[in-house]
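Asks: The following block contains the structure, expressed as structure tokens.
The values are calculated or read from the model by the stated rules, or taken from the named source; none is laboratory data. This one's a predicted model, so the numbers in the text were calculated from it and none came from an experiment. So basically every Cβ, Gly included, is an ideal-geometry build from the backbone, and we count neighbours across all protein chains shown. To get the accessible areas, we keep the full protein, side chains included, count just its heavy atoms, and leave off ligands, DNA and RNA. Shrake-Rupley method; radii C 1.70, N 1.55, O 1.52, S 1.80 Å.
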Amino acid sequence: MPNNNPLNRSDDELHGQLVDSYGQPGTTAPPRTGATAAAKHFNVQGSNSGSLGILGGTVDVSLRINNPSASGRTVIIESIGGYIDVSLSLLSSFNGQMTAYSGGTLTSPSAATPANLFLTSATTSVATATTSTSGITGGTLLLSYPIYPGPFRFALPNRFNLPSGTSLTVNVKGSLSLLGIIGTGVSVSWIET
């Protein structure tokens with residue numbers, strides 16, 4: 001049956017699919033609708049900086065979001081963002097990269113506390129977060145993008161879902177071939193359903 005509204009008349013207002021319960025009885029909204037007001041929207045970030053010697057080097061920051069087994073919730077990644085700041089560079093060549101992995105492990109991780117984006121809420125995330133100032137080992141590559149100095153953000157609504165027992169790991173890396181100062185940062189936001 002075609003999805004034409006049998007109730008539209010030429011002398012009346014036009015009813016669309018989203019308001020006509022006869023033509024489309026089940027209307028839906030994306031999971032993020034109302035997530036902040038329901039205190040289920042979270043963000044966490046990490047940063048690192050380094051003063052590189054005459055031979056240059058690399059400055060990494062990594063962030064891992066883990067949805068524990070039997071959490072009873074799905075973590076839906078909303079965005080990945082961050083920055084690479086370069087200062088005092090002596091005409092050195094620059095290379096920046098953002099990579100995201102399903103799974104993966106961090107070397108010498110430290111705990112990071114996710115913030116609830118409904119600012120007055122005391123609700124905490126079921127997900128745990130850790131950061132590291134080194135790269136990622138293992139995991140399955142999901143995204144890899146070159147990053148230029150400055151801020152960046154990838155909006156990813158409903159692209160990556162983390163069911164119980166899975167994790168997402170993100171790395172931001174900046175490199176100079178000569179003396180300079182680099183700062184790197186990474187931020188991930190998600191909702192929980």
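Asks: Compare the peptides 102-115, 176-189 by average per-residue count of other Cβ atoms within 10 angstrom and give them in order, highest first.
Replies: In decreasing order of mean packing, 102-115, 176-189 become 176-189, 102-115.
Asks: Length gain on complete extension for the stretch residue 54 to residue 79, per 0.36 nm per residue less the alpha carbon to alpha carbon distance?
Replies: Gain on stretching residue 54 to residue 79: 5.4 nm.
Asks: State the Cα centre-to-centre distance between the stretch 93-152 and the stretch 162-188 in whole Å.
Replies: After rounding, the separation between the Cα centres reads 6 Å.
Asks: Same structure, new question: Taking R0 as 41 Å, what's the FRET efficiency between residue 148 and residue 120 from their Cβ-Cβ distance, rounded to 0.05?
Replies: 0.65
Asks: Can you give me the long-range amide H partners of residue 154? Hydrogens built in the peptide plane at 1.01 Å from N, cutoff under 5 Å, separation of 5 or more residues or another chain.
Replies: Hits under the 5 Å cutoff: 80, 81.
Asks: Let me ask something additional. Relative contact order of the stretch 70-193: what whole-number percent is it, with Cα pairs under 8 angstrom and at least 6 residues apart? Write down the numbers at each step before the final one.
Replies: Values: 277 pairs, mean separation 65.9, N = 124.
About 53 percent, as a whole number.
Asks: Moving on. Any idea how far apart residue 95 and residue 155 come out in nm if each label point goes 7 Å out from Cα toward Cβ?
Replies: Spacing of the two 7 Å Cα→Cβ label points: 3.2 nm.
Asks: If you don't mind, there's one more thing I want to ask. Using alpha-carbon pairs under 8 Å, 6+ residues apart, how would you state the relative contact order of the stretch 36-129 in percent?
Replies: Values: 83 pairs, mean separation 49.3, N = 94.
Taking the mean separation of contacting Cα pairs over the length of the stretch 36-129, I get 52 percent.
Asks: Averaged per residue, what accessible surface does the stretch 39-156 expose to a 1.4 Å probe, in Å²?
Replies: On the way: 6160 Å² over 118 residues.
Per-residue accessible area for the stretch 39-156 comes out at 52 Å².
Asks: ³J(HN,Hα) across the stretch 65-76 via Karplus (A = 6.51, B = -1.76, C = 1.60, θ = phi - 60°), whole Hz, x for Gly/Pro?
Replies: Values, residue by residue: 9, 10, 9, x, 4, 6, 6, x, 10, 10, 9, 10 Hz.
Asks: Pulled fully out, how much extra length does the chain show between residue 178 and residue 107, if you take 0.36 nm times their separation in residues and subtract their Cα-Cα distance?
Replies: 23.0 nm
Asks: Also: Under 5 Å between amide H atoms, partner at least 5 residues away or on a different chain: which partners does residue 117 have, H built in plane at 1.01 Å?
Replies: Long-range HN contacts for residue 117: 41, 42, 43.
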